Amino acid sequence: NPTRGTKPIPSYSERGSVASVRASSKISQRASQPGEQVVHDNGMADTDALLAMVEDYLIDCAARGLKAKTIAMSYGYPLRTVLMPFCTKEGVTEVSGLTNRVLNRLSVQLIEDGGRRKKELSPDTVHAYLRVVNGFLTWAKRDGAEVTGKSQLPRRPRRDIDVLTRQEIARMEEM
């Protein structure tokens, strides 16, 4: 389990090429009672417990044999860069706080406000981010955490695939 105190929580990044998630922040104060929420000077909630679970999940992904780049980009990015800042803003400090209502707000925020780099995210991107969040929640529940929420995945636009007709195939075979 990650070391607590004033040191950053060790992350999967110490094992390879994944960027560090806690390089710039240190925990300045601790909750005196289990489950008590610590609020920092900037008004943001202390999400250490949730971050530790995210890091444990990413380590579990590595143990399943996923490549470091897959973990960093496909799993780590949505969890560290999308979910964690949202949880800090919403005051969610533990996985049990990720209720259906909170996850619906995340979904709407992604659809309406977009991401860090551009204003609008495609429905496919939002779907992919929320699918990773659901995978994390499923893992946390299997691991014994009290999980009550699940993200609703937005509909993706149907893509019509242009296929060859039998006559077009026959013409290609004649050549």
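The values are calculated or read from the model by the stated rules, or taken from the named source; none is laboratory data. These numbers were taken from a predicted model, which means no experiment stands behind them. Virtual Cβ from ideal backbone geometry, glycine too; neighbours counted across all protein chains shown. Calculation scope for accessible area: heavy atoms of the full protein, side chains included, ligands and nucleic acids excluded. Shrake-Rupley method; radii C 1.70, N 1.55, O 1.52, S 1.80 Å.
If a residue must be within 10 Å of the chain's Cα centre (by Cα) and in contact (Cβ under 8 Å) with a residue 12 or more places away in the chain, how many such residues does the range 59-85 contain?
10
List the helices (runs of 4 or more DSSP H) inside the range 74-165, counting only whole elements, that have at least 2 residues being open to solvent by 90 Å² or more (accessible area, probe 1.4 Å) and either modelled with pLDDT of 90 or more or out of contact with any Leu (no Cβ under 8 Å at 6 or more places or on another chain) (or both).
Numbers: elements: 84-90, 100-113, 123-142.
Once the helices (runs of 4 or more DSSP H) in the range 74-165 are filtered for at least 2 residues that are open to solvent by 90 Å² or more (accessible area, probe 1.4 Å) and either modelled with pLDDT of 90 or more or out of contact with any Leu (no Cβ under 8 Å at 6 or more places or on another chain) (or both), what remains is 100-113, 123-142.
In the range 166-175, which residue that is open to solvent by less than 100 Å² (accessible area, probe 1.4 Å) and not charged (D, E, K, R) is farthest from ASN104 (Cα to Cα)? Explain how you work it out, then say what you get.
Narrowing the range 166-175 to residues open to solvent by less than 100 Å² (accessible area, probe 1.4 Å): 168-170.
Filter once more, so that each one left must be not charged (D, E, K, R): 169-170.
On the way: ILE169: 47, ALA170: 50 Å.
So, considering only residues that are open to solvent by less than 100 Å² (accessible area, probe 1.4 Å) and not charged (D, E, K, R), the one farthest from ASN104 (Cα to Cα) is ALA170.
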